[in-house]
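A.B. asks: Quick one: the structure is below, questions incoming.
The values are calculated or read from the model by the stated rules, or taken from the named source; none is laboratory data. All values reported here derive from a predicted model rather than from experimental measurement. For neighbour counting, all protein chains shown are included, and Cβ atoms are generated from backbone atoms with ideal geometry for every residue, glycine included. The accessibility values were calculated without ligands, DNA or RNA, using every heavy atom of the protein model including side chains. Shrake-Rupley method; radii C 1.70, N 1.55, O 1.52, S 1.80 Å.
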Amino acid sequence: MKKDIHPDYHEITVQMTDGSSFTTRSTWGKAGDLLKLDIDSVTHPAWTGVHRLIDSGGRLARFNKRFKDFGLKNQDTEEEKT
């Protein structure tokens, strides 16, 4: 095996979003560093089953405004015309 080609593999502490933490081994950071998670199995919709629609930068509002008249015509107005 070649020397000095592998990254340093050391222990770090991972802090979950709820404040709990655990120790694992990783190549991330330096020995003893704390990795704080923004999203984990406690908060991510894939594990919680709770899905929220997040509008970042008004994109959803802009989409709804642009395509509000797009789609099928109302059947009531079709029937009134005949």
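A.B. asks: Could you work out how far apart the two model spin labels at residue 24 and residue 1 are, taking each label as a point 7 Å from the Cα in the direction of the beta carbon, and quote it in nm?
C.D. replies: Between residue 24 and residue 1, the simple spin-label model gives 2.1 nm.
A.B. asks: On to the next question. Determine the order of 16, 1 by accessible area, beginning with the largest, at a probe radius of 1.4 Å.
C.D. replies: Numbers: 16 40, 1 200 Å².
So, going from the largest accessible area down, we get 1, 16.
A.B. asks: Just the number, please: percent antiparallel of the DSSP beta bridges in segment 1-42, rounded to the nearest 5. Before the final figure, lay out each step's value.
C.D. replies: Working: 6 of 9 bridges.
That works out to approximately 65 percent antiparallel.
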